[in-house]
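The values are calculated or read from the model by the stated rules, or taken from the named source; none is laboratory data. In this text, all values refer to a predicted model and were calculated from it rather than measured experimentally. Cβ placement follows ideal geometry from the backbone for every residue including glycine, while neighbour counts extend to all protein chains displayed. With ligands, DNA and RNA removed, areas are computed over all heavy atoms of the protein, side chains included. Shrake-Rupley method; radii C 1.70, N 1.55, O 1.52, S 1.80 Å.
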Amino acid sequence: MRWTHGAWHLVAAAGISLATASGLAAAEITLLNVSYDPTRELFTAYNRRFAQDYEAETGHRVRVIQSHGGSGKQARAVIDGLRAHVVTLALAYDVQAIADHHLIRPGWQSRLPHASSPCTSTIVFLVRPGNPKGIRDWGDLVRPGVGVITPNPKTSGGARWNFLAAWAHATRVLGEGEAAAVAFMRRLYGNVPILDTGARGATTTFVQRGIGDVLLAWESEAALAAREYGTGRVVTVYPPTSVLVQPTVAVVDRNVDRRGQGPEVRAAAEAYLRRLYSEAAQDLIAQHGYRPVDAAVLARHAARYPPLKRFTVGEIAGSWRAAQKRFFGEDGVFDTIHRP
Amino acid sequence: MAGRKFNVLPGFGLTMGFTLLVLSLVVLIPMGVLWVRAMELSWGEFWHQATTPRALAAYRLTFGASLAAATVNAVFGAMVAWVLVRYDFAGRRFLDALIDVPFALPTAVAGLTLASLFSDQGWLGRWLAPLGVHGAYSGLGVVIALAFVGQPFVIRSVQPVLQNLDRELEEVAATLGAGRCRTVCQVVAPSLWPALLTGFALAFARAIGEYGSVVFISGNLPYRTEIAPVLIVMRLDEYNYGGAAALAVVLLGISFSLLILINLLERWTSRYYS
Amino acid sequence: MASHPHPPPSSHGAARISGTGEPVFVRGVLIALSVAFLAVFLILPLANVFVQALGKGWSAYAHSLSHPDSRAAIRLTLLVAAITLPVNVTFGLAAAWAIAKFEFRGKAVLLTLIDLPFSVSPVVAGLMYVLVFGLQGVLGPWLDTHDIQIIFALPGIVLTTVFVTLPFVARELVPVMQATGAEQEQAALTLGASGWTTFWRVTLPSVKWGLLYGIILCNARAIGEFGAVSVVSGHIAGQTDTMPLAVEKLYQEFNATAAFAVASLLALIALATLAIKACLEWNMRRKDRRERDAAANARRGPGPGPVALTAA
């Protein structure tokens, strides 16, 4: 029965390769960055640069590995034990949810500048070439026959920003009351044929599968899609108003302070996030279509960012906690508008 | 452990112990934890979570699409089995070997390729779209994916029965003056029923739990194209562990009942044909 | 997959009996319909995978597969299968031995329990392990203080894969072992062979085809599992992404060609599985025929001699 021996050899080999893998890991620091969907390209570039600079300055070799998905879904995975050293999520609420489970110490938001948010962004429209449906503003999205692509706000951070931007249009621009705003949202989501779990899935649906007439997208994601496919396939449209999107980052204290890890892990993780605010990183952020918080860098790239009125979460709902409960919680507005 | 048949053989304790150990660790204990987690909800809360309108819509789609898919499987499966067993034509052996593709092909690959085939620009969707039929990202897409993964069950259940069917009965019917149509309906069909039913039940059970192929081709829209397993993942991702566990227990109960039904069916079938 | 009805022996000389065939016209229509159905439903999806994968040429194809993340996914998938298979083979052999060679109360219940993973939605399987091993789960806090990682790491992926593939080998072996009975083993034991020798030399050779069959099916599923693994993977690029998960991820990264390239590897594995399976079935059929002939001879001549212990 030679094959049984073969099988045991395989298992033994597997064990050995695992052992060597962990042996190697001791020589360099491995950081896991758990992030949301449309940051893949940004962090691929930033990780490479960070590893070079950090080794040059401190002598420590760092390898940053990534996990991407819908922001809420990613936060849930960290809460369930995904060992992220840093989280870079689409909104502060998802980081707070991790902190609520005691994985991040209270007061995390004041540990880094700009409320722990190294860049901002906004939500824009991506339409088909020539904009055949004439989509210019949020009101155009609820017209019959317009297919709107947006991910599921329950799992995606970007989708929650999309929702808030539309809600801001209904309540702040049109000045509608609650009932009329809910009706507006019901019509909007009635035009949505597919709810992907993350922003990247929604972009794929719109661009690659060719579904829908308009994609509600991160400004950066729209820029990326336009770059990947050329303006012959997609065109970005800036609505007059939108929302001030603030992606948020934090070190996951529980995982960087884990026993058996030296203090160099925390040092590397903190440096990783702090350097997002450096001029070089801010420039990289701008190149990937996010809006840097550094005023000088922002000014240098001003041509990339057409002006538009951006409402804050505070203006729209008071706070993220309130927004989450009212709009996206169990039996919140999002649940009610889908009920037939 | 009463009444062993072959007392001379050693190893009952060892093998039985190992079987029960693995079964407990891998299957029973995790399942127990799921049960406990769902039971931590009060009865009212459990009922609420298991029967939210969204959950009901998801069950409806899951069962409706599974039923539709299993029916497609039964109809085409019976036809294909008949053709493969009764007729000889070029490529028969090749097709026969390919029947099992859905068993061997990873569901993610199936979902990916079906979605690309049936999307409005795909090889098939291109022809269907002008007719207003959208195969991908619709309830129809769910049925297509489920029909794909379940297709071999009916064929593989019916084939051996058809093979072993006594052709003399058909000859007798023919010599007694029955038309071919009547012979097939009244002589062949009745003996195929149990096998067909078993295949149908197997395909249906598989469809109920299917996830990988469906997420690619369905739009995953609440109330419209969201199947129950997708809703479970959603509940989990929303930090709603109780809700996820409640839905899972419902699904588990249904699969378990189906499994028992299938075992009974198979026992009946084997007795029927022996 | 609740069970695998064994494909039937081949049907040479079918439809030769006169008076019971359909008119040529009906026959033609039925064949055409069946072939068309299978072409659209089985062949087209398969062909589509390869066409899309090679859509941008061989070099793009090779490039997609040699990306470090793709290579890591392939390695992880093979590793998971390599750990899962021995576990399930051992389990299958043990379970089949206990069930087929002995009589005990509750056998039907045990068989049903072994079948259970087939009927459980893979997503539910993943959820169960999150509830047990997750940080908010039953064992999570304890595991965390002892720095043991189960979910979002290799052990969790292996565990869920073992779960979904658990019944394969046992399901194949139980009927085979039941059919062979226990007389040969009893004879070997009477002749003084030890239990282990009997198992290795008598039992295993008699079930080897069924065992191989189970292994192939188990392997195909272990490599292709998506739903259950997706729940417990954590989706860390280059670390916990298996091939099916890489397919999904690449597709979402605007990289349909690479997604289909990895998918094409999986499809090739599936086709290889089917080819090996077809060979095995052919082998089994030949063996069946030989045994039937042998039995016929035996009825004519003297009874079969004592069991050859060197049969392996």
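Observations
- Computed on chain C, the Cα convex hull volume stands at 209 Å³ per residue.
- Estimated FRET transfer efficiency when R0 is 56 angstrom, pair A:Asp331-A:Arg233 (beta carbons, to 0.05): 0.90
- Using a probe of 1.4 Å on the protein chains alone, the accessible area found for A:Val146 is around 10 Å².
- Around A:Asp257: net Lys/Arg minus Asp/Glu count, Cβ-Cβ under 11 Å: +4
- Only one residue of A:Ala222, A:Ala269, A:Val64 has its Cα farthest out toward the positive end of the dipole of chain A, where Lys and Arg carry +1 and Asp and Glu -1 on Cβ, and that residue is A:Ala222.
- Each label was represented as a point 7 Å from its Cα along the Cα-to-Cβ direction; for A:Lys309 and C:Trp200 these points are 8.4 nm apart.
- Between B:Ser257 and A:Glu57, the distance separating the two model label sites (each 7 Å from Cα on the Cα→Cβ line) works out to 6.3 nm.
- The string of couplings for the range A:186-191 from the Karplus curve (6.51, -1.76, 1.60, θ = phi - 60°) is 4, 5, 4, 6, x, 8 Hz, one whole number per residue in order, with x for Gly and Pro.
- Distance in nm between pseudo-label sites at C:Val29 and B:Ala189 (7 Å out along the Cβ direction from Cα): 1.6
- Per residue of peptide B:116-123, the mean number of Cβ atoms on other chains within 10 Å of the residue Cβ is 5.
- Relative contact order (percent, whole number), chain C, Cα cutoff 8 Å, 6+ residue spacing: 27
- Per-residue 3J(HN,Hα) values for the range C:124-129, derived from phi via the Karplus relation 6.51 cos²θ - 1.76 cosθ + 1.60 with θ = phi - 60°, read 5, 4, x, 4, 4, 5 Hz in sequence order (x marks Gly and Pro).
- For the range C:18-99, the direction-averaged projected area of the alpha-carbon convex hull comes to 11.7 nm².
- The range C:84-226: Rg to Rh, with Rh as the Kirkwood radius over Cα pairs: 1.08
- Ordering A:Arg63, A:Arg76, B:Arg180, C:Arg290 by accessible surface, largest first, gives C:Arg290, A:Arg63, B:Arg180, A:Arg76; the 1.4 Å probe counts only protein heavy atoms, with every chain in place.
- Sum of -39500 (n - 2.57) over DSSP H runs of 4+, divided by residues of chain A (222 nm, nearest 500): -13500 deg cm²/dmol
- The range C:192-289: relative contact order in percent, alpha carbon pairs under 8 Å with at least 6 residues between: 26
- Residue with peak Gaussian network fluctuation, chain C [Cα springs, cutoff 10 Å], from C:Leu245, C:Leu191, C:Leu265: C:Leu191
- Normalised convex hull volume, the protein assembly as shown, alpha-carbon set, Å³ per residue: 184
- 24 Å tail of the calculated P(r), the range B:95-203, as % of Cα pairs: 47
- Annotation for the range A:214-261: trypsin sites (Lys or Arg not before Pro) lying in DSSP loop with at most 12 further Cβ atoms inside 10 Å of their Cβ are A:Arg259.
- Rounded FRET efficiency, nearest 0.05, which uses the C-beta distance separating B:Trp47 from A:His114 and R0 of 60 Å: 0.80
- 17 Å Cα-Cα reach of A:Lys154 towards lysines, excluding residues that sit fewer than 8 places from it in its own chain: A:Lys73, A:Lys325
- Rounded, prolate or oblate (a/c below 1.5 giving rounded, otherwise prolate when a/b exceeds b/c) for chain B by Cα gyration tensor: oblate
- C:Ala272/A:Arg187 FRET efficiency (R0 51 Å; Cβ-Cβ; nearest 0.05): 0.50
- Near B:Ser138, the amide H atoms lying under 5 Å from its own belong to B:Gly219; only residues 5 or more places off or on other chains count, and H is placed 1.01 Å from N.
- When the Gaussian network model of chain A links Cα atoms closer than 10 Å, the mean-square fluctuations of A:Pro153, A:Pro38, A:Pro307 top out at A:Pro307.
- To the nearest 10, the accessible area of A:Ser117 is 10 Å² with a 1.4 Å probe.
- Cα-centre dipole for the protein assembly as shown with unit charges at Cβ (Lys and Arg positive, Asp and Glu negative), debye to 20: 1280
- Reach of C:Lys287 by Cα under 17 Å, taken over lysines that are not fewer than 8 positions away in the same chain: C:Lys208, C:Lys277
- Percent carbon-and-sulfur accessible area, the protein assembly as shown, ignoring ligands, DNA and RNA, probe 1.4 Å: 63
- Estimated vicinal HN-Hα couplings, Hz - the range A:53-67 in sequence order (Karplus 6.51, -1.76, 1.60; Gly, Pro = x): 4, 5, 5, 4, 8, 10, x, 8, 7, 10, 10, 9, 10, 10, 10
- Loop trypsin sites (Lys or Arg not before Pro), the range C:66-128 (other Cβ atoms within 10 Å of the site Cβ: 16 or fewer; DSSP): C:Arg105
- Percent RCO, i.e. relative contact order, over the range C:125-197, from Cα pairs under 8 Å lying at least 6 residues apart: 20
- Average accessible surface area per residue within the range C:67-300, 1.4 Å rolling probe, Å²: 35
- The interface between chain B and chain C buries about 9200 Å² of solvent-accessible area in total (1.4 Å probe, ligands and nucleic acids excluded).
- Cα convex hull volume per residue for the range C:157-312 (Å³): 128
- Per-selection Kirkwood Rh - the range C:155-239 (Cα, Å, 1 d.p.): 15.1
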